[in-house]
Every structure is written in structure tokens, then in C-alpha cells.
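> If you scroll down you'll find the structure; I have some questions about it.
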Amino acid sequence: MIAYIKGKLAYIGAGWVVVDVNGIGYRLYIPAMTKLPSTGQEVQFYTHMAVREDGIQIYGFLQEEELECFLALLDVAGVGPKVALAVVAHLPPGVFKGIIASGNVNQLVKVPGVGKKTAQRIMLELKDKLRGPAALPEPSETITPAPGRIEDDAVVALLSLGYAQNEAREAVRQAMGLGLTGDVSALIKAALKELAPAK
């Protein structure tokens, strides 16, 4: 099992990359909305290797939490790598776990390839496996994520709902101005209020 691959980013394709590790190019399938550095820069992907009859495929993620969500989705009956990758691409880990914790099926079916029955299965099978924002953390152990990461997660969530990148980023920026820098769910709700008159 390959836990991670670290090397130079050699090529960027549509939903995949090639990472050069000591002269060997590894092709990794990644979430479509992954923010990548320029080619030639060093990268590290946390990986999952899937062995199939027609070959071996490696899936890569810049964050361990993305890999955790991907693997959890693969455990759901009827969910394959393509659907799991689409979910991770459209819903940042914090947003996805929040959706699971709240049982919001309507948000999940907005992901391309996820129908209502599949969304319901995901909810049913992952509710006790993935701990969403409602369960984490205890008040005495509060952890404040980096503002930049929170902002990016909120923007990606808005993009998945159909908003343009410029309006999504501007709405998140305005919401950040209200002091909502530690809770991605609250930030998304505030940003949606900012966007309400426009959509």
C-alpha cells in the first residue's frame, strides 16, 4: 500500500496529474477542483491504490481529510471511485461532514452523479462513521482552523452550488468581514445571505 507520493508535479491533466518521483512518473486521479501549484513544483499527495481487472489506478489528495472522506464513501454500497471523487471535488471535508451530520440530502444530490437513493445510502451508512462539525470539538478543546483554509473551503462550497468564482469569493470576503473566521458552516450561511439578492 502506498500511503503518499511526494515528488515534482510533471503534468496536469483534466482530473489527473503526473508526479515525477526520481524519474518515475506516477499518474494520480485527483478531485477536479484541487488547487495545484505550477508544474515543476514539489507536491505531496495522500493516496489510495485501487487494483482492478483492467489495471491499477491511484487516487491522490492534497489533504488527509479528503482521503478519509473518499475511503469512507467507497465503503458505501453502490458508490464507486468516480462518484466518491466527485463528492470530494465538490464538497470540502468540513462541509461534507456537516451535511452528513445534519442529514441534508438535498445538498448531497447537487453533486454530479449522486442521485437521491445514493445520497440516502451515503447518509445512512456514514452518519455514525464521519464526525461532522456538530460533534467536533468539545468547548474546552476548540481548534480554530487557519482563516485561509476556511475561506477556500467556503468558496469551493459556493462554486458547487452554481455560483461564479468572482461572486463566491466576494461574498465569502464580505462574510469574513463579519468576524466569521473559525466556522466554515457559519461562513457559508453568511455568504449565501450576501448572495441572496443576486441569485
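> Describe numerically, in nm with one decimal, the distance between label points set 7 Å from Cα along Cα→Cβ at Tyr11 and at Leu124.
4.3 nm
> Could I ask something else about it? What does the highest-first list of 5-17, 32-44, 54-66 look like by mean Cβ count within 10 Å? Let's see the in-between values first.
Working: 5-17: 14.7, 32-44: 12.4, 54-66: 16.4.
For the peptides 5-17, 32-44, 54-66, the packing ranking is 54-66, 5-17, 32-44.
> Here's another thing I want to ask about it. Say each of Val18 and Ala50 gets a label point 7 Å from the Cα, pointing the same way as Cα to Cβ; how far apart are those two points in nm?
Spacing of the two 7 Å Cα→Cβ label points: 2.2 nm.
Readers should treat all values here as calculations from the given coordinates under stated rules, not as data from a laboratory. None of these values were measured; they are calculated from a predicted model. Don't worry about glycine lacking a Cβ; one is built from the backbone with ideal geometry, like all the others, and counts go over all protein chains shown.
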